[in-house]
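The values are calculated or read from the model by the stated rules, or taken from the named source; none is laboratory data. Values in this document were obtained by computation on a predicted structure and should not be read as measured data. Here Cβ is always computed from backbone atoms with ideal geometry, including for glycine, and neighbour counts include all displayed protein chains. Only protein heavy atoms, including side chains, enter the accessible area calculation; ligands, DNA and RNA are left aside. Shrake-Rupley method; radii C 1.70, N 1.55, O 1.52, S 1.80 Å.
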Amino acid sequence: MAEPLSADQQLKALRAEGVKVSERAGWRTHNRNHKGSWGPVHGVMIHHTVSSGDDSSVELCYNGHSALPGPLCHGVGRNDGTVALVSSARANHAGSGDDDVLRAVIAETALPPANEANTDGNARFYGLEIVNLGDNKDTYTRAQYRAAVLWAAALCRAHGWSEKSVIGHKEWQPGKIDPRGPIEGGGSFSMNQFRADVRAQLASKPGTPTLPKEDTVALSDADIEKVADAVVDRLLGKDTFDAPKDSAHYSPDPKSSAHYWTGRTLFGDLINKVREIKKTVDALADAQKKEC
């Protein structure tokens, strides 16, 4: 049985994890506790807002609308990577979902397909709404995605949960599609990848940034050559030095770049010499076999 975190505890956990937060006035006491229980809590749920505009989306999630009164979540993931806090207790975000999914979340086992809506999720899950149209075209910023990972990790760490206590709305309630859509830098929102990113964050100390997968950039051949040159030059203690006259790279003109070694030309010359030596050794071995 997990008691919900108080507003102060939530704020402390989020800040400790490195989440940039903004506090919407009234968020600490703004909730739906008068309509149902809040807790015990068992996990966190990720949504998209089906709206655009950070400020208007925060207000929507705080106030709700005629068909669904607010608050509609606990935090709102703005495009700049800030999470706006709009509630600290029961919120209208999860609705009714599958009791088998809830049992899997509690046990932190593989999620079954959501095919029923028979259990109150608003009492059991913290909810994050990420500002996005949800049309599979609107792009989540990398800052948004990263903030969502940190938000989920912060609450999981505070409760002692693993990433298996993190689910998407679409994994809870039949017919839901959120979260979905492309992520800046490549890829689409995948709950399996999101959980893997939360797991990586939980494996680090709170507040320690980890490199998101989409931030990994392949080096070009030109970049690799520059790095090789720089490493060799640093190891040899100076930027450039004269190449030997028997090198294929050598030029007698000191103004020519071919008058000097670089990391690339040094290794290239060494490789060529090794190949020449190998040819000589192979020829000698062949000759010896013929003599035998």
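Going by average Cβ density within 10 Å per residue, which order do the peptides 47-53, 128-134 take, highest to lowest?
Most protected by this proxy first, the peptides run 128-134, 47-53.
Per 10 Å bin, what is the whole-percent P(r) computed from every C-alpha pair distance within the range 78-169?
Whole-percent P(r) values from 0 Å outward: 15, 43, 37, 6.
Give the peptides 190-200, 71-81, 158-168 in descending order of average Cβ contacts within 10 Å, highest first.
Details: 190-200: 17.6, 71-81: 24.6, 158-168: 20.5.
The peptides rank, most packed first, as 71-81, 158-168, 190-200.
The range 43-100 to the range 115-152: how many Å between their Cα centroids?
8 Å
Want the number for Lys205 to Asp135: 0.36 nm per residue separation, take away the alpha-carbon distance, what's left?
Here the answer is 21.7 nm.
Using modelled amide H (1.01 Å from N, peptide plane; none on Pro or chain starts), what sits under 5 Å from the amide H of Thr119, excluding residues fewer than 5 places away?
Gly97, Asp99
Output the pairs from Lys12/Lys176; Lys164/Lys205; Lys12/Lys35; Lys137/Lys176 with a Cα-Cα distance over 22 Å in this structure; if there are none, say none.
Over 22 Å Cα-Cα: Lys12/Lys176; Lys12/Lys35.
With all protein chains present, calculate the accessible area of Asp138 using a 1.4 Å probe and round the result to the nearest 10 Å².
50 Å²
To the nearest 20 debye, what charge dipole does the range 1-159 have about its Cα centre, counting +1 at the Cβ of each Lys and Arg and -1 at the Cβ of each Asp and Glu? Mind dumping the intermediate values first?
On the way: 15 positive and 17 negative charges, 87 e Å.
Roughly 420 debye, rounded to the nearest 20.
If you count only protein heavy atoms and use a 1.4 Å probe, how large is the accessible surface of Thr29, to the nearest 10 Å²?
120 Å²
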